[in-house]
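Values in this text are rule-based calculations from the coordinates and carry no lab data. Small disclaimer: the values here were computed from a predicted structure and weren't measured. Backbone-built Cβ (ideal geometry, glycine too); neighbour counts: all protein chains shown.
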Number of protein chains: 6
Amino acid sequence: MKPAPKSLPDGAPLLAFGAHPDDIEFGCGGVIARETRAGRVAHFVVCSRGEAGTRGTPAQRTVEAKKSAALLGATLEFIKLDGDARLEVRAAHAIRLAGIIRRVRPGIVLAPSLVENQHPDHPRLGKLVQDAARIARYGGLKELRASPPHAIAQLFFYAVTPEAEPSDITPVLIDISAPETVAAWTAAMGAHVTQAATRNYVELQLVRARLCGLRAGIAHAIALFPNDPIVVESLAQLSGGARRF
Amino acid sequence: MKPAPKSLPDGAPLLAFGAHPDDIEFGCGGVIARETRAGRVAHFVVCSRGEAGTRGTPAQRTVEAKKSAALLGATLEFIKLDGDARLEVRAAHAIRLAGIIRRVRPGIVLAPSLVENQHPDHPRLGKLVQDAARIARYGGLKELRASPPHAIAQLFFYAVTPEAEPSDITPVLIDISAPETVAAWTAAMGAHVTQAATRNYVELQLVRARLCGLRAGIAHAIALFPNDPIVVESLAQLSGGARRF
Amino acid sequence: MKPAPKSLPDGAPLLAFGAHPDDIEFGCGGVIARETRAGRVAHFVVCSRGEAGTRGTPAQRTVEAKKSAALLGATLEFIKLDGDARLEVRAAHAIRLAGIIRRVRPGIVLAPSLVENQHPDHPRLGKLVQDAARIARYGGLKELRASPPHAIAQLFFYAVTPEAEPSDITPVLIDISAPETVAAWTAAMGAHVTQAATRNYVELQLVRARLCGLRAGIAHAIALFPNDPIVVESLAQLSGGARRF
Amino acid sequence: MKPAPKSLPDGAPLLAFGAHPDDIEFGCGGVIARETRAGRVAHFVVCSRGEAGTRGTPAQRTVEAKKSAALLGATLEFIKLDGDARLEVRAAHAIRLAGIIRRVRPGIVLAPSLVENQHPDHPRLGKLVQDAARIARYGGLKELRASPPHAIAQLFFYAVTPEAEPSDITPVLIDISAPETVAAWTAAMGAHVTQAATRNYVELQLVRARLCGLRAGIAHAIALFPNDPIVVESLAQLSGGARRF
Amino acid sequence: MKPAPKSLPDGAPLLAFGAHPDDIEFGCGGVIARETRAGRVAHFVVCSRGEAGTRGTPAQRTVEAKKSAALLGATLEFIKLDGDARLEVRAAHAIRLAGIIRRVRPGIVLAPSLVENQHPDHPRLGKLVQDAARIARYGGLKELRASPPHAIAQLFFYAVTPEAEPSDITPVLIDISAPETVAAWTAAMGAHVTQAATRNYVELQLVRARLCGLRAGIAHAIALFPNDPIVVESLAQLSGGARRF
Amino acid sequence: MKPAPKSLPDGAPLLAFGAHPDDIEFGCGGVIARETRAGRVAHFVVCSRGEAGTRGTPAQRTVEAKKSAALLGATLEFIKLDGDARLEVRAAHAIRLAGIIRRVRPGIVLAPSLVENQHPDHPRLGKLVQDAARIARYGGLKELRASPPHAIAQLFFYAVTPEAEPSDITPVLIDISAPETVAAWTAAMGAHVTQAATRNYVELQLVRARLCGLRAGIAHAIALFPNDPIVVESLAQLSGGARRF
C-alpha cells in the first residue's frame, strides 16, 4: 500500500490513540488504511507495550506495532502512562495527551470508546483523550506552553470489540470496501503475530466489518462514533445511508 | 432568493413532508432555503389544510403555504389523509406516500420526528413516511405499479418544537448561517401570517437555530436526525464538529 | 373520609382516566384520596366495564367502581370506546376525550403510562389522553365546539403495575402517609371485590407504596410521571427529595 | 435433521410467529433447529404470503415456507391478517392470535422485535403477539371461548436484521454451534429460493450468528430478547456468560 | 438587587458549587438571583481561580467572581482542590466538600451536571458534590467531627452548556422571568469581564433561558436536574407544566 | 440452615464482594442462602469495617459480619482498600481483587451495581470487581503470578437499594421463596444489629423481595443484573418469565 504523497484538501493529519500495541489496528485499522491511501497523514500514539498480556513480550509487541503501522502508512510513537492494565484517569495524563494534540495539530482524532464494560484501559484512555481534546484549547496551562492552543475538528470513538460500541451515539459508517484497503488492514492486523494467533481476533474484526458492509449494501465498513454532532454545510455531504435490508 | 437553475452533482431532489401547512417551514425551512439556493430541487407534500387550528381558515392557510414554499424555492402539493388532528397510522396512507416517493424519486427525504409527545399528527406522519420509504422499494404492491421501485438515500427527521427532538439519535447540524438563507427562512415563516402572529413561533425557531449555531461556533444551524447511520467514503466528509463551548 | 367542602386555592378539578373499572384506584387511588381530602374536586372517566376480565360481570364491576369512587370522594362516569381488551388508538377517541377535558376543565389530568408492556388497553388510553390534552387546546375542531378550548396545567401518568413505570421520566413522589389516606385508598381498592379477591392486587399496590415511602423516609408514597417538565416559581416548592437510604 | 420423537421434560411446544414466509427462518431459524433436534415440538404461524415482495409469487413462497419449516422440523400454518406491507395493529388481530396461543398452548413464544425501524410489518406483528400473549390469559372474551385461558412461560423477540435488535433489552444468546444445527438452519434459509438469491440474506444471518458466537467463545449463537425478566430457581441455570474478548 | 432580609419559611440556605469562578453564574445565576431576591441566603463555593483559562489572571478572576456573587446577593468562598483543568475525583475532596455542607447546612445544593462530555472539571465536581452530600450524613468520619451530620433536602444539577444537560433526568424549569431577576443575572455574568468578552457566553445563556421560557410560555426559565425524585405533599405544588407549543 | 455438604454439578464456588460489612447480606443475601442450601460454596470479601458509619464500631461490625456470613453458610474475609467512604478506583485495587478471583476461582461473582447515585463506595467497588474479573484472565501481570489466569463464568451486580438498580440491564429474578431461605436471609440481616436497628433496612429488603416475588407470581425473589448476555444451550433453561400481573 503506497499512500499518495500529496495531502488532502482539508490537510490536517489524523491522530489515533491506542491503549495497547494492537488496539488501533483491531479497532479501526481499515479506516486508517483508507485515509492514508487518500493521502492523509496518520500518526499513532500507543500508551503501553502490552506487557500485561498473556502472549508476546514488550519487545516483540513493539516490533509488531511498528511493522503494522508501517503497513497502514502511519507513523507511530509509544508513550508510557501507568502501564498495561494499570491505566488510571489522571489529570496529568490528560494534560500530557493534550500536549501531543497541540504538537500534531490533527483535524480528526480517534480514541477507544467510553463504554465501561471492556478492557479497563480502553474507556479510560478514551476519557483521557476526550479531556485532552478540550484541554488542548485552553491557554493557561504551564505544561502546554510549548505549542499554541489547538482545537480539533472532531473526535471519533472506535470500538475494539462489539461490546464497546456505544448504544447512545448514532454511528457513522466508513466505507472501506476497496480490496486493497481491506488487504492492507488484514495485513496490519496479522502483523500482530503474538495476538492474532489466538482467539480469532482478525476474524472477529473482519466479520464485524462485513456485517457493517452488508447493512450498508457495500463490501466492508467500520463504524465510528462521533463525540459531538457533525456539522455540515450541505445535505450533499450526507447522501449515503445505511439501510440495505 | 433565486435558486440556481442547474442541479447539484448528486442531482436527486429533496422531498419534505409536513402534517400541517407550516410544519416544514417552522421545522426545517432554513435547510430548504440553503439547499435550493445551492441548486437542489425541493418539493413539499402537505397532508392537511390546518383546519383544526385556532387561527386561519383552510383557504387562508393554503395561500400562505404556497407563498411560503415559493419563498423557499420549493414546489408544493397538498394531499388529504385523515384531516388535521385526525391523522392515523394506516397502511393505506403509507402506501400512498410511497407512491409519491416513487414519483418524485428523491435522494433525501425530510419528515417530522417520531417523538410521541407533540402534536399527535407529527409523529404519526413521521412514522408513515418512515414506512413509505421502505415500501417504495418493494416490487409487489399493486397500488404502486405506476412507477418502478425507488430506494431513497437517507431519511432525516426534523423537529417542529424542542420537545420533538429525539434524544436517542445523534443529530447532524446543517449550517444555515448565510444571511440570505436566514432571511429567506424568516420570510417563509412570516408568510404563515395567521400562525406567526401568535405564540412567538418565529422567535422560537430563530432562537433554536441560534442556539445550535452558538454550539457549533457559527451563526445559525438546524439539527436534523438521521433515520439510519450515515455512510461516508472518507473522513474528509466529516470534518466539522459542533463544540464551540 | 370526608373531603373538605371548600376548594383549593388553585381550584381546578382533578380528572383521572382509567381503561378498566379498577385502574385508577389500583394505579393512583392514594393520590386521589389525598387530594379530595384536601378539598380538591376529582372526577373519574372509566372507558370500559371490564367485560374481558376473568372475574366479575360488567354489572358487578360497575357497582364496585361507583362504590370505590365514592370512598375516594370522586365522581365517576363511564364511557364506551372499543371495549375491554379491544381499545385502539383512534383519532375519534382522542377527540371525544378532548371534549370531556373541555367540559371538566381540569388543572391536573391523570392517565395510565405509555409503557407498552402491560395490559394493551393501558398505554393506548394513556396515548389517547396525551393526544386529547393537546387537541383540547385547538380551536378548529367541529366536534369540540360545545366548550371553549382548554389548556390543562399538567398531565401525570400513573402505573398500574411496576412494569408500567417509565424508566425515562423522573418520577414525582406524592406523600400519602396520612393513615386516613391509606385507609381510604385500601378501602377503595377492596371495593373492587371481584378483582381484589385474587392475585394479591391490593398487596401489590400497598407494597409498592411502602417501598416508595421507605425511599423517601415517609410511610407511603405513590410515584407519578409528568408528561412535561415541571415549572416552578421558586425552589421553595421543591424542598423534598427522595433519598432515605 | 430428525428431531427426536419424545418431548422435553418441560414439554410445552414452541410457537413462532412471522409476518412473511421467511421471517422466522431468517430471524431465529437456528434456534428452532436446535430445539426441535432436542425433541421440542415447534409450530409456525405465518401472517402473509409475502405478496408485496419484489421476487416470488405467493404460491412459490408458500411452497418455500412449507419446505423450510419441514427442514426445521416444525409444523406451519398460514393466516391472513391485512396482507403483506399492509399490517395494522388492530385489536381483532391480537384477539385472533390469542386464540392461536390458547389452541397451541406453548411455553415459549417467538415474535419479531418491537423496534420501529425495519419492515413496517415486523414490529406491528411483534406488538400484536405481545398483546395476544396477555389477552390469552383473560377469561371474558367471547371470541376466545373455544379454549381455556393460557399463560405462556416467556415471550422472546427475534430480530430479522441487525437494525431490529432492541438496545434496551439485555439479550440471551442461544448456542447453536452444533454443525448439524447450523446445517439445518442454512438449508431452511436456502429453501426460500426466491429470496435467498438476492441481497445476501443467508450470508447476513450467518455472519450475525458467527459474530454472536465469537463473542461467546463458541461457533455460532443467536440473540433473543426476553419480553419479561427471566426467573430462575438457581444461579446454576445461568452459568454461561458471553465474554470471550 | 437587594435581597429581602427575612428568611423564607423553609429557611435553609442555598449552597452552590462551581469548578471555575464563573460556572455558577453562567450555569444557574438566574436561579440564584430569583432566590436571593425572595430572601433566601445563598453561598458559593468556587474550587479554582480559573488559572488554566486563556483569558484573565487568577487575581482578575477572583475579583470578578466576588463582584458577580455580590450582584446576585450571594456570599462566596474559594477553596483549592487540584487546580483548574486538573480536578480529580478523590475521596479526600468529597470529604472536604462534605465538611462545607455540614458547616453551611443547606436545604438545596447546586452542582454542575455529571454529563461526561464537557469541561473535564465540571462533571468531576458534580460527582464530588453528589458524594459529599451523602458523606455529610455519615457519623463516623474523623475529618467531619467539627459539625454534626447533615442531610440536605435536594441536590440539583445545573448545566453550564447545552451539551451538559442530562438526557436521562426530567428537568424542573425555574421561572426567572421577573425583569429585575434577568437584569441581575445578566449583570452578574457581565461582571466576569475577562470571559464575557469572548465567545458569546452571555448570549449563549440568555438564548438558552429564552428557549426554556418559550417552551413554558413565560419570558425566561432555567432548567435544573434533580438528583433524586421530588417528593411533594400535594399536587397543588406542581400545578405548572412546560408545554406552550 | 445447613448447607448440603456435596458440591453442585457445576461445582465452582460463588464469590461475593461487599464494600461494607452488611452490603452483601442486604443486597443479595437471599441468593446466597438459596445457593449454599443447594450445596454451593460461597465466599465473601468485605472491603472495609464500616468505620465511617454512624452506628457500630469496627470491632462490632466485624463480629456481626462473621455471624451473618455463618448464618448464610458462607466463609468471609476482610481486606483493606482505602477505607469506608474513601474508596477510589485504583488499578492496584483491581489487581488485588483479581488476585482473590484467581485464588478462589469462582464460577459466578457478585458485586454492587455500577449505578453512580448511591453510597460512593458501592459503584466504585462494582467497577473494581468488573475490572478485576477481566484482569484475572491476563497472563502478564507480575502481582498475579501466584495463581494461573482464571475466567469467571458470569458477573452479576446486586443493588443494595432500589436506586442502585440499573435501568439499562434486564434483570434476572432469582426465586428465593423457600421459607427457610427467607428465614436464613432475615436472620443474617438481623445479625447486623448495629445497622438493622435503624432506618428499616431489613423491611426495605423484604419489601423489595416481596415486590419482585409478586411480579413473578412467587413468594419472594431477588433481582440480579448480568454484566454480559447470558448464554444458554437451550430455551429449556429459560422457561420462567416474570409476569404475574
query = What are the residues whose amide H is under 5 Å from the amide H of residue D:230, where those residues sit 5 or more places off or on another chain and H is modelled from the backbone?
reply = F:173
inquiry  = With unit charges on the beta carbons (Lys and Arg positive, Asp and Glu negative) and the dipole taken about the Cα centre of region C:70-123, which residue among C:100, C:123, C:112 sits farthest to the positive side?
reply    = C:100
remark   = Per GNM of chain C with C-alpha springs under 10 angstrom, the most fluctuating residue out of C:141, C:155, C:235 is C:235
Alpha-carbon centroid distance for the pair region F:140-172 / region B:199-234, whole angstrom = 41
Inter-label distance, nm, simple model (7 Å from Cα along the C-beta direction), residue F:151/residue F:77 = 2.5
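Holding the Cα-Cα limit at 26 Å, pick out from E:127/F:127; C:80/C:127; A:127/F:80; A:80/E:127; A:127/B:127 the pairs that are longer than that.
From the list (E:127/F:127; C:80/C:127; A:127/F:80; A:80/E:127; A:127/B:127), the Cα-Cα distance tops 26 Å for A:127/F:80; A:80/E:127; A:127/B:127.
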ask   = Considering chain E as a Gaussian network with a 10 Å cut-off on Cα pairs, which listed residue, E:113, E:68, E:167, attains the greatest mean-square fluctuation?
value = E:167
ask   = Mean separation of Cα pairs under 8 Å and 6+ residues apart, divided by the residue count of chain F: what relative contact order is that in percent?
value = 22
note = Computed ³J(HN,Hα) along region D:48-55: with the Karplus parameters 6.51/-1.76/1.60, θ = phi - 60°, integer Hz and x for glycine or proline, the list is 7, 9, x, 6, 8, x, 6, 10
task = Report, as an integer, the average count of C-beta atoms from other chains found within 10 Å of each Cβ along B:151-160.
result = 3
inquiry  = At q = 0.10, 0.17, 0.20, 0.24 Å⁻¹, what log₁₀ I(q)/I(0) does region E:1-106 have when each alpha carbon counts as one equal point scatterer in the Debye sum?
reply    = -0.29, -0.80, -1.04, -1.30
query = For the protein assembly as shown, what size does the Cα cloud have along each of its three principal axes, sorted from largest down, in whole Å?
reply = 82, 77, 68
Inter-chain Cβ neighbour average for residues E:84-90, partner chain, 10 Å = 5
note = antiparallel share of DSSP beta bridges within chain A, to nearest 5, in %, is 25
request  = Enumerate the aspartates and glutamates that residue D:67 could reach by cross-link, defined here as Cα to Cα under 13 Å, with residues fewer than 8 away along the same chain left out.
outcome  = D:22, D:25, D:77
ask   = With charges only on Cβ, +1 for K and R and -1 for D and E, what is the dipole size of region B:146-245 about its Cα centre, in debye, rounded to 20?
value = 320
query = Between C:89, C:129, C:41, which gets the highest mean-square fluctuation from a Gaussian network model of chain C, Cα cutoff 10 Å?
reply = C:89
task = Amide H neighbours of residue D:50 under 5 Å, at least 5 residues apart or on other chains, H built in the peptide plane: list them.
result = D:84
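Evaluate the relative contact order of region B:83-125 (contact order divided by residue number), counting alpha-carbon pairs under 8 angstrom at least 6 apart; express in whole percent. Present the calculation step by step, with values, prior to reporting the outcome.
Working: 24 pairs, mean separation 23.7, N = 43.
Dividing the mean separation by the residue count of region B:83-125 yields 55 percent.
Restricting to Cα pairs below 8 Å that are 6+ residues apart, what does the relative contact order work out to for region A:20-121? Please round to a whole percent. Let's see the in-between values first.
Working: 96 pairs, mean separation 29.2, N = 102.
Over region A:20-121, the number comes to 29 percent.
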key: Share antiparallel - DSSP beta bridges, the protein assembly as shown, percent rounded to 5   = 25
note = Projected onto the charge dipole of region F:171-230 (unit charges on the beta-carbon of Lys, Arg, Asp and Glu, signs +1, +1, -1, -1), the Cα from F:227, F:191, F:181 with the largest positive-side position is that of F:191
task = Could you work out how far the C-alpha centroid of region F:31-62 sits from that of region D:28-106, in angstrom?
result = 52
message = What's the magnitude of the charge dipole for the protein assembly as shown around its Cα centre, counting Lys and Arg as +1 and Asp and Glu as -1 at the beta-carbon? Answer in Debye, nearest 20.
response = 0
ask   = Magnitude of the Cβ-charge dipole of region A:53-170, K/R +1 and D/E -1, about the Cα centre, nearest 20 debye?
value = 660
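For peptide D:127-139, what's the mean number of Cβ atoms from other chains within 10 Å of each residue's Cβ?
Taking the mean over all residues of the peptide, I get 3.
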Over region E:130-203: Kirkwood hydrodynamic radius from C-alpha pairwise inverse distances, Å = 16.2
